[in-house]
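Here the structure comes first, spelled out in structure tokens, and everything after it is commentary.
The values are calculated or read from the model by the stated rules, or taken from the named source; none is laboratory data. From a predicted model like this one, the values you see are computed outputs, not experimental measurements. Every residue, glycine among them, receives a Cβ derived from its backbone with ideal geometry; neighbour counts consider all protein chains shown. In case anyone asks, the SASA skips ligands and DNA or RNA and just uses the protein heavy atoms, side chains included. Shrake-Rupley method; radii C 1.70, N 1.55, O 1.52, S 1.80 Å.
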Amino acid sequence: MLSRTADHLFWMARYTERAENTARMLDVHVQTALLPQSTDDAEQGWRAVLGISELLYGYNQKYDKLTQKDVIDFMVRDPNNPSSIASCLRQARENARAVRGALTTEAWEIQNATWIKMQSYLQTNALEQNPSDFFEWVKHRSHLSRGVTIGTMLEDEAFHFIRLGTFLERADNTARIIDVKFHGAKETQSHKQGQSQSQSQSQGAAQEAGQLDFYYWAAILRSVSGFEIYRKVYRDVITPERVAELLILRADMPRSLLACMGNVISNLHHVRNDVSADTERFAGKLHADLKFARIEEILEAGLHDTLTEFLERIFELGNRISRDFLVPLAA
């Protein structure tokens, strides 16, 4: 396959997955914003959303203060934000258009129809009236794109480059969600401990804090469609350690880091060429480190440090894939 064709397919999948991931994060925060919380906590939550996608600097350059409305507008509509949902769906459609011959008619029509419908959304106030409906639509269109790809495309190199882009993007996003959310939870816990030292908490206040913790961790799970899976696997109260284990080390959890890397390895194997052995070895080492890890060891070593290293390695893996298979990165 020509490297330029592979590049378009790879990035079509990454942009589609990125749009879905952004919709997931925004939807969860719109729902949790309805819970009782202070103004500072609400602002911190939206700041975390921007932090996950490394968009805080870009947002601060455009807006003087942080509000839910402006964050949603920036991450959904803004054409100057390359990671906004509108930008991602536009780029996915443009990459698909460039390689229509490598896609089935159904796969192309999904991308094209999604962008056309997205434009109509942007011209109305549907997003402001019911943001959750819009985010569900984005997720649904991403599901359709994946389903049509699996259901209609020949499992050749084109298919495997699409899948490779999907799982590489998903691994990066899941790691960012875990890292930012666990940091936020740690800061919140420290703040609560400081409050409890300065004044004794009543039984009612303690119960309310416990309920808020439940909703916090449940929101993290819902952002990766993991709430029902958690209940099925653990059948117990939600704890940070088990959330981390599910999202990092469970091979049967579709959006876990281990599951994503397993799929990256599989698809790399199908597109291997004469110069990709080192890249396969690099990916295999990252997969093995996850496969044979224990959550106790990860937490003892430091979750933030582990995830920071993972993100650095997944970024390097993306560069290696580009070097070996795709259009060379611009100097």
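To the nearest 20 Debye, how big is the dipole of the chain about its Cα centre, given +1 on the beta carbon of each Lys and Arg and -1 on that of each Asp and Glu?
Here the size comes out at about 600 debye.
Can you work out ³J(HN,Hα) from phi for every residue in the stretch 296-308, in order, using Karplus 6.51 cos²θ - 1.76 cosθ + 1.60 and θ = phi - 60°, giving whole Hz and x for Gly and Pro?
Result, rounded to whole Hz: 4, 5, 5, 5, 5, 6, x, 4, 4, 5, 5, 6, 4.
Separation between the residue 277 and residue 37 pseudo-spin-labels, each 7 Å from Cα along Cα→Cβ, expressed in nm?
5.1 nm
For the stretch 64-106, which whole percent of the accessible surface, found with a 1.4 angstrom probe, sits on carbon and sulfur atoms?
Ligands and nucleic acids excluded, carbon and sulfur give 43 percent.
How do 64, 78, 41 rank by accessible surface area computed with a 1.4 Å probe, from largest to smallest?
Accessible-area ranking of 64, 78, 41, largest first: 64, 41, 78.
Per Stokes-Einstein, at 4 °C and 1.567 mPa s, what whole-number D in µm² s⁻¹ belongs to the stretch 4-152, with the Kirkwood radius over Cα pairs as the hydrodynamic radius? Write down the numbers at each step before the final one.
Working: Rh = 16.0 Å.
Rounded to a whole number, D works out at 81 µm²/s.
Report the accessible area of residue 47, computed with a 1.4 Å probe over the heavy atoms of all protein chains in place, in Å² rounded to the nearest 10.
We get 70 Å² for residue 47.
Counting other Cβ atoms within 10 Å, which chymotrypsin sites (Phe, Trp or Tyr not before Pro) in the stretch 1-61 have at most 12 and lie in a DSSP loop?
Qualifying residues, ordered by number: none.
Grab the DSSP H runs of the chain that are 4 residues or longer, score each as -39,500 (n - 2.57), total them, divide by all residues and round the 222 nm result to the nearest 500 deg cm²/dmol.
My calculation for the chain gives -26000 deg cm²/dmol from helical runs alone.
So how far apart, in nm, are the two label points at residue 105 and residue 215 if each is 7 Å from Cα heading toward Cβ?
About 5.0 nm separates the two model spin labels.
Considering only protein heavy atoms and a probe of 1.4 Å, how much of the accessible area of the stretch 219-268 is carbon and sulfur, as a whole percent?
Carbon with sulfur: 50 percent of the solvent-accessible area.
So if each residue of separation counts as 0.36 nm, and I subtract the Cα-Cα distance between residue 299 and residue 266, what length gain in nm does that give? Display every interim value, and only then the final one.
Details: separation 33, 0.36 × 33 = 11.88 nm, distance 2.82 nm.
Here the segment from residue 299 to residue 266 would lengthen by 9.1 nm.
Using only the C-alpha atoms of the stretch 225-283, find the volume of their convex hull and express it per residue in Å³.
73 Å³
Any chance you could give the angle, 0 to 90 degrees and rounded to 10, that helix 131-152 forms with the longest Cα principal axis of the chain?
30 degrees
When the expected Rg is taken as 2.2 N^0.38 Å, what fraction or multiple of it is the alpha-carbon Rg of the chain?
Details: Rg = 20.5 Å, N = 331, 2.2 N^0.38 = 20.0 Å.
So the Cα radius of gyration is 1.03 times the expected 2.2 N^0.38 Å.
Projecting each Cα onto the charge dipole of the stretch 1-160 (Lys/Arg +1, Asp/Glu -1 at the beta carbon, about the Cα centre), which of 80, 13, 103 comes out farthest on the positive side?
103
What distance in nm lies between label points placed 7 Å from Cα along the C-beta direction at residue 64 and residue 315?
Between residue 64 and residue 315, the label points sit 3.3 nm apart.
Using amide H atoms built in the peptide plane, which far-off residues or other-chain residues are under 5 Å from residue 78 H to H?
Correct list: empty.
Putting +1 on Lys and Arg Cβ atoms and -1 on Asp and Glu Cβ atoms, find which of 39, 145, 266 reaches farthest to the positive end of the dipole of the chain.
145
Might you tell me the accessible area per residue for the stretch 224-284, computed with a 1.4 Å probe and given in Å²? Each step should come with its number before you reach the end.
Details: 2920 Å² over 61 residues.
Counting only protein heavy atoms, the per-residue value for the stretch 224-284 is 48 Å².
Taking the Cα atoms of the stretch 206-308, what is the range of coordinates along each of the three principal axes, in descending order and whole Å?
Sorted from largest, the Cα extents of the stretch 206-308 read 61, 27, 19 Å.
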